[in-house]
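J.: Quick one: the structure is below, and I'll ask about it shortly.
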Amino acid sequence: MRHVISILIENEAGALSRVVGLFSQRGYNIESLTVAPTDDPTLSRCTILTTGDSDEAEQITKQLHKLVCILRVSALNEEKNGSQERELVLIKLPTPNRNVREDIKSLSDIFGAKIIDVSPETYTLQYVGSSEEVDTFCETVFKMSDVLEVVRSGVLGIARGNHYMHS
Amino acid sequence: MDKLCGAAQLIRALEELEVTEIFGYPGATVVDIYDELLNSQKIHHTLARHEQGAVHEADGYARASGRVGVALVTSGPGATNTVTALATAYGDSIPLVLISGQVSTSMIGTDAFQEVDTMGVTRPVVKYSFLCKKPEDIVPNIRKAFFIASTGRKGPVVVDIPKNCQSRSYLFDYEPSSDMHLRSYNPTVYGHKGQVNRAAEELCKAARPVVMAGGGIVQGAAGPMLESLVARLNLPVVSTLMGIGAYPCNDRRYIGMMGMHGLYEANETMHHSDLVFAVGTRFADRATNNVRKFCPEAKIIHIDVDPASISKTVHADIPIVGDAAAVLGQINSKLEELKAQPHPEIGKWWEQIAAWQDKKCLSYTEKEGIIRPQRVIETLYRLLEGRGAIITTDVGQHQMFAAQYYRFPGRRNFLSSGGLGTMGFGLPAAVGAQKALPERLVVTVTGDGSFQMNLQELSVARKYNMPLKIVILDNSVLGMVRQFQSVFYQGRYAATYLDCNPDFVKIAEAYDCVGIRVTEQNKLEEGLKQALEVQDRPVIVDVVTDTDTKVLPWQRADGSMIDMLLNTDLSQ
């Protein structure tokens, strides 16, 4: 089962390595991990996508909580109001002729993606959506065109409604 | 305000934290600290002979005294040598602070001489760690380290200090200490009230209850609360290895150690109970055997300060997160309020337990011409009973014999590496314990294998005229592994014969200690008595024991608590 875990962590040297170390030490899997400072620069927000049964997820949450550098932990998929997830993908494609350029342009319009970089030989697309939507977008692009590079951000998540993680 | 260099500030902070003893080994990146240490009137330094020894000594000091142990080592090999000892302390939740030197900040990351990523190397085996990036970090980090090491589930903390941060070339104001508050670290002390009430009610309802006492009772100083709870409800008590002494082993309500080499009656009591009241234990695999077959009829109440230990291996029906002493205090108050009495059927339960005890699982037969290892521990106990001796052990058969045959009357009397199982722990731990409690009799029970790991620390014991008694159960083999080979590998003894052991009496003499060899049973008591008379230096008593004796009972792997090989199953 898929679990999205959100963490507020002290923005200090070695903090992230403790989180990553915990996963490898205990044999848990990290599918994706994103991290950046919050509005309070002494804290970072980290979203981890992991898989495992519910006992495993509970252990992960407890073990994360136990880390001295972690302030808050929440399993977003257990939020009672649900949660919102977003992922961003950047795809660089070759554009050998006008037909390809037009097809890609119309595809990106349909999906609401953006062409954020253009060169005589390439386009770079940007698309934001849930992980599923990003998967669909990528699959469609891969069917229509060759691909030079794919960069996915990993999942970001936030609880719905009036639930929020406070420092 | 005084202006002081980083090294002087470190020493002052340690003095304010009431540190009186540091175990260490110098090197290039800690010479400034060592220089400042010479100025301290309050802190004594013990020079170990190996960094692993230094940290085990700090660990033994902490286990014996309940205070935070402190060790000081240099960068690179100094730091890497501590890893096993840190992991040992981490495995048993022992509060200690390791101060390690580091290359100067400008050199970090250049693969400089004696540079190693100490934070990285130690991270999986410590509770927390700090790298001081500037001189001003030293004092706050040291204060945090002591706070973290000694609260919640205790454990070792590393403070890595680059050489330039210690230097006399930069003087700055000393920050006075203030209340400690870490926003991301708030261990729970008191248990959830609803859960406490449920636990108290279940305790009153149980007809076949058992208390499973773990090391958390020792670390959390919860013994008196446990004793009053046990007395009120007339409960039987078993302990894990780390919980030995948590409840007085000479009390009639103490059944014995449970687990892999636990007593028959202790494992039977666990297996047939209807309520396991577990305090300060993490349900380690050596205690539970196969968790799916563990105590099939029992509800589990689990009290632990570490929420991650609850339902990690064994599902808890009533989990209570909190400090053992605080939660037991709460439960006692509730029992008082309920005017709780022993369960009407508890007498029947005790009768059943007495029947299991009648099996005499620790009995053994003498063997012609050779001393049984069990006999050594029994004799030792007879000679030391009532003297409040501290026994440290290494790891292997001798450790289990000590756990089974010695009746520890109180807390902090049995110092042993339970979680990690570190051979080479016993002697340095004894040195640390003797430093903490100079008036107490300290005995190391060890084996001929274990003793050869870290025997260099004998120098330290000799230097301080410590009257340690080192009793070697010398069977010329790595007995614990050999007993596996004997029973499960058709007697194919791979690498367990300690060919060419040294003469341990001569080792004692080489270190200017006293060496005694005992080879005959009728000389055993005399040899041990002779050792007890030595007051001015360590004594090694090399007792030549039987090679084939096995530690029994012995749980079958993957079985339930009662799947045990007994003395009636295996010929000795």
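J.: Which whole-number percent of Cα pairs in chain B have a distance greater than 37 Å?
T.: Numbers: 57311 of 163306 pairs.
Of all Cα-Cα pairs in chain B, 35 percent lie more than 37 Å apart.
J.: While we're here: Per residue and in Å³, how big is the convex hull formed by the alpha-carbon atoms of the protein assembly as shown?
T.: Per-residue hull volume (Cα only) is 206 Å³.
J.: Add -39500 (n - 2.57) for each DSSP H run of 4 or more in chain B, then divide by its residues: what number comes out at 222 nm, to the nearest 500 deg cm²/dmol?
T.: Roughly -10000 deg cm²/dmol at 222 nm, from the helical runs in chain B.
J.: Can you give the net charge of the other residues whose Cβ lies under 13 Å from the Cβ of B:Leu458, counting K and R as +1 and D and E as -1?
T.: Taking every other residue near B:Leu458 into account, the sum is +2.
J.: Between A:Tyr123 and residues 5 or more places away or on another chain, which pairs have amide H atoms under 5 Å apart, with H built 1.01 Å from N, and which residues are they?
T.: A:Leu93, A:Thr95
J.: Right, another one. I'd like the distance between the alpha-carbon centres of region A:13-33 and region B:148-171, rounded to an integer number of Å.
T.: 24 Å
J.: Using the structure shown, list the pairs from B:Lys154/B:Lys435; B:Lys299/B:Lys348; A:Lys66/B:Lys334; B:Lys293/B:Lys334 with a Cα-Cα distance above 24 Å, or answer none.
T.: From the list (B:Lys154/B:Lys435; B:Lys299/B:Lys348; A:Lys66/B:Lys334; B:Lys293/B:Lys334), the Cα-Cα distance tops 24 Å for A:Lys66/B:Lys334; B:Lys293/B:Lys334.
J.: Return P(r) of chain A (all Cα-Cα pairs; 10 Å bins starting at 0; whole %; ordered from short to long distances).
T.: 9, 33, 27, 20, 10, 1
J.: Using a ≥ b ≥ c from the Cα gyration tensor of region B:454-572 (square roots of the eigenvalues), is it rounded, prolate or oblate, where a/c under 1.5 gives rounded and otherwise the larger of a/b and b/c decides, a/b for prolate?
T.: Prolate.
J.: Within 10 Å of each candidate Cβ there may be at most 12 other Cβ atoms; applying that plus a DSSP loop requirement, which trypsin sites (Lys or Arg not before Pro) in region B:246-295 survive?
T.: Answer by residue number: B:Arg252.
J.: On to the next question. Averaged over all directions, how much area does the convex hull of the C-alpha atoms of region B:3-173 cover when projected, in nm²?
T.: Hull-based average projected area comes out at 8.6 nm².
J.: In whole Å, what is the distance between the alpha-carbon centres of region B:36-109 and region A:106-158?
T.: 53 Å
J.: Then there is this: Evaluate peptide A:61-73: per residue, the Cβ atoms of other protein chains within 10 Å of its Cβ; return the mean as an integer. Working shown, then result.
T.: Values: counts 2, 8, 4, 1, 3, 9, 5, 11, 4, 2, 5, 1, 0.
Mean partner shielding for this stretch: 4.
J.: Where in region A:45-145 are there GluC sites (Glu not before Pro) that are in a DSSP coil and have at most 14 other Cβ atoms within 10 angstrom of their Cβ?
T.: Loop-located and lightly packed - A:Glu121.
J.: Let me ask something else. Please give the calculated 222 nm ellipticity per residue for chain A, where each DSSP H segment of at least 4 residues contributes -39500 (n - 2.57) and the sum is spread over every residue; nearest 500 deg cm²/dmol?
T.: -10000 deg cm²/dmol
J.: So for the pair A:Asn77, B:Glu520, with labels modelled 7 Å out along Cα→Cβ, what separation do we get in nm?
T.: Going by the 7 Å Cα→Cβ label model, 7.3 nm.
J.: While we're here: Show B:His192, B:His272, B:His398 ordered by accessible area, largest first, where the area counts protein heavy atoms only and the probe is 1.4 Å.
T.: Correct descending sequence by accessible area is B:His192, B:His272, B:His398.
J.: Working with all protein chains in place, sort B:Val68, B:Val327 by solvent-accessible area computed with a 1.4 Å probe, largest first.
T.: Most to least solvent-accessible, the answer reads B:Val68, B:Val327.
J.: Using Cα centres only, tell me the gap between region B:327-397 and region B:225-254 in whole Å.
T.: 9 Å
J.: Which log10 I(q)/I(0) values does region A:84-156 give at q = 0.17, 0.20, 0.27 Å⁻¹ under the Debye formula, counting every alpha carbon as one identical point scatterer?
T.: Taking Cα atoms of region A:84-156 as identical point scatterers yields -0.55, -0.76, -1.34.
J.: Over 10 Å intervals from 0, what percent of Cα-Cα pairs in region B:194-304 sits in each interval?
T.: 15, 54, 30, 1
J.: If you keep only loop residues by DSSP, which trypsin sites (Lys or Arg not before Pro) in region A:63-107 have at most 13 other Cβ atoms within 10 Å of their Cβ?
T.: A:Lys80
J.: Further, regarding this structure: Rounded to a whole number, what % of the accessible area of region B:373-551 do carbon and sulfur atoms account for, probe 1.4 Å?
T.: Within region B:373-551, the accessible surface is 48 percent carbon and sulfur.
J.: Also, I was wondering about something else. Amide H neighbours of B:Asp394 under 5 Å, at least 5 residues apart or on other chains, H built in the peptide plane: list them.
T.: Amide H neighbours of B:Asp394, under 5 Å, 5+ apart: B:Gly426, B:Val445, B:Gly447.
J.: To continue, here is another question. Which value, in debye to the nearest 20, gives the size of the charge dipole of region B:431-507 about its Cα centre, when Lys and Arg are +1 and Asp and Glu are -1 at the Cβ?
T.: That gives a dipole near 180 debye.
J.: By accessible area of protein heavy atoms, probe 1.4 Å, what ranking do B:Lys3, A:Lys143 get, highest first?
T.: A:Lys143, B:Lys3
J.: Would you mind giving the total buried accessible surface between chains A and B, with a 1.4 Å probe and ligands, DNA and RNA left out, rounded to the nearest 100 Å²?
T.: Looking at A and B, the buried total is near 1600 Å².
J.: Run down the lysines and flag those whose C-alpha is under 18 Å from the C-alpha of B:Lys529, throwing out any fewer than 8 positions away in its chain.
T.: The qualifying lysines are B:Lys469.
J.: Provide, as a two-decimal number, the C-alpha radius of gyration of region B:288-446 over 2.2 N^0.38 Å, N being how many residues it has. Write down the numbers at each step before the final one.
T.: Working: Rg = 19.9 Å, N = 159, 2.2 N^0.38 = 15.1 Å.
Expressed relative to 2.2 N^0.38 Å, the Cα Rg reads 1.32.
J.: For region B:398-488, what mean projected area does the convex hull of the alpha carbons give, in nm²? Can you show the working numbers first?
T.: Numbers: hull surface 26.5 nm².
For the Cα atoms of region B:398-488, the hull's average projected area reads 6.6 nm².
The values are calculated or read from the model by the stated rules, or taken from the named source; none is laboratory data. These numbers were taken from a predicted model, which means no experiment stands behind them. All Cβ positions, glycine included, derive from the backbone under ideal geometry; neighbour counts span all protein chains shown. When the accessible area is computed, the model is the full protein with side chains, heavy atoms only, and any ligands, DNA or RNA have been set aside. Shrake-Rupley method; radii C 1.70, N 1.55, O 1.52, S 1.80 Å.
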